[in-house]
Amino acid sequence: MAGVTDYTFRRLIKRRGGVGLSVSEFISVEGLTRSNPKSKRQMRFAEEERPFAVQIFGGQTERMVLGALMAEEVGADILDVNCGCPAPKVVKNGGGSGLLKDLPRLETILTEIKKSLSIPLTLKMRTGFTDATINCVEVAKMAEQCGVEHIQLHGRTKEQGYKGLANWDWVREIKRAVKIPVSGNGDVTSIENALKRFDETGCDGVLIGRGAMQNPWIFRQIEDVMNGRAPFEPTLEEKQAVLLEFFELLREDMPELPALGKMKQLAGQFTKGLVGGAHFRQTLYHSHSAREILDNIGVYFTTLTKGETFGDGLLETEAPVIDSCDISAVAENEHYKVAA
Ligand SMILES: Cc1cc2nc3c(=O)[nH]c(=O)nc-3n(C[C@H](O)[C@H](O)[C@H](O)COP(=O)(O)O)c2cc1C
């Protein structure tokens, strides 16, 4: 997830266990091939993250091939092509879900990348551009012919953005239509839901995005249940430790101000399901320094450990929903603003 699954966040989640594959944020090949420092930075990963896929986006074949080779050069295990981003800026330039409207172009991009690359090539896509032009089965078959080795379907159209629910029927349809592995994606936030999706669609994998922000242990819990074990249940101490670990990782990587912003971004989701979570979230949003944020985390968890009530003491279930992959929109959302 752009703006979320960076080097820091991915390691935090990977360390919780159960993650089969980590994927970078989508990286612009226009930026990469022009030595944009941000794009290069987005390709960083740690050995502990393997297997690791770099996801690239763009609409120009030559640049996509160059970007793919750069990912291979930095040691990525897998190259993933983004065929799903609905952001107007990306679509306008022929990339992301824009490629679902131009299959000859997509075919050329995949064929040319495949010719040049020695690591596996995978594709992440939406069901189609609009409800009237759903073409994911056709795209999957074509991608398989081009040598793509894994299809990942987010069950929404471009037009849908993040509204409504993902339609997993299309995951089942693609699974029936191709021989390569197929993974489904969209709205998985619980163990039960993940297992149901595997059962209903016969898919080979489930991708989880926003659910990992609410519950960093979700992958481990699903793995536990799939292996006949009781799902891991983090203690209050472990929940506190994960927030502190995130902040420590952030501070190793960036100055205090952006680290505070990232902390607030995660807190917005992580507080979902915590007792007094809404109130706790507000204290984090209104923290102005590293010291203050760490103190507020300490006060919250000490209160709960003592069995005392924090804020209204209600179980928080209505945390803000992230329903956009437009990062400027995320930054503009006052919940994610860093207090000056
Ligand atoms: C903030 C945000 C950023 C995203 N960035 C990307 C991205 O860079 N590449 C990608 O393939 N999908 C991206 N997505 C889509 C997610 O990977 C996923 O397909 C979608 O959120 C549905 O899955 P979920 O309900 O598990 O989050 C993004 C989604 C969000 C909310």
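Loop-located trypsin sites (Lys or Arg not before Pro) in the stretch 5-80 (DSSP state not H, G, I, E or B) with no more than 16 neighbouring Cβ atoms inside 10 Å: ARG15, ARG34, ARG44.
In terms of its Cα atoms, the chain spans 61, 44, 37 Å along the principal axes, sorted from long to short.
Within the stretch 123-214, antiparallel bridges make up roughly 10 percent of the DSSP beta bridges whose residues both belong there.
For LYS115, the solvent-accessible surface computed with a 1.4 Å probe is close to 150 Å², ligands and nucleic acids excluded. Cross-link pairs exceeding 24 Å between alpha carbons, from the set LYS124/LYS163; LYS89/LYS114; LYS101/LYS163; LYS101/LYS124; LYS175/LYS196; LYS114/LYS163: LYS89/LYS114; LYS114/LYS163. Charges were assigned to the Cβ only: +1 to each Lys and Arg, -1 to each Asp and Glu. The resulting dipole of the chain about its Cα centre is roughly 580 debye.
Per-residue Karplus couplings for the stretch 91-99, computed as 6.51 cos²θ - 1.76 cosθ + 1.60 with θ equal to phi - 60°, are listed in order as 5, 4, 8, x, x, x, 5, x, 5 Hz, Gly and Pro entered as x. The phi torsions of the stretch 21-33, fed into the Karplus equation with coefficients 6.51, -1.76 and 1.60 and a -60° offset, translate into couplings of 8, 9, 10, 5, 5, 6, 10, 6, 6, 5, x, 4, 7 Hz, rounded to whole numbers, with Gly and Pro shown as x. Evaluated with a Cβ-only charge set (Lys, Arg +1; Asp, Glu -1), the stretch 224-265 carries a dipole of roughly 180 debye about its Cα centre, given to the nearest 20.
Can you give the charge dipole size of the stretch 35-106 about its Cα centre, rounded to the nearest 20 debye, using +1 on the beta carbon of Lys and Arg and -1 on the beta carbon of Asp and Glu?
In debye, rounded to 20, the stretch 35-106 gives about 520.
When the alpha carbon gyration tensor of the stretch 15-72 is reduced to an equivalent ellipsoid, its three semi-axes come out at 23, 11, 9 angstrom, largest first. Taking all protein chains together and a 1.4 Å probe, the residues GLU25, GLU173, GLU144 rank GLU173, GLU144, GLU25 from largest to smallest accessible area. Accessible surface comparison of TRP170, TRP217, probe 1.4 Å, protein chains only, largest first: the order is TRP170, TRP217. Counting only DSSP beta bridges whose two residues both lie in the chain, roughly 5 percent are antiparallel. Residues ARG229, ARG197, ARG126, ARG291 ordered from highest to lowest accessible area at a 1.4 Å probe: ARG291, ARG229, ARG197, ARG126. Compared with the dominant principal axis of the Cα atoms in the chain, helix 256-270 is inclined by about 90°. Projecting the Cα atoms of VAL171, LEU153, THR133 onto the dipole axis of the stretch 114-174, where Lys and Arg carry +1 and Asp and Glu carry -1 at the beta carbon, places LEU153 farthest toward the positive end. The mean sequence separation of alpha-carbon pairs under 8 Å and at least six residues apart, normalised by the residue count of the stretch 207-309, gives a relative contact order of 25 percent.
The values are calculated or read from the model by the stated rules, or taken from the named source; none is laboratory data. No experiment lies behind these values; they were computed from the predicted model shown. Virtual Cβ from ideal backbone geometry, glycine too; neighbours counted across all protein chains shown. Calculation scope for accessible area: heavy atoms of the full protein, side chains included, ligands and nucleic acids excluded. Shrake-Rupley method; radii C 1.70, N 1.55, O 1.52, S 1.80 Å.
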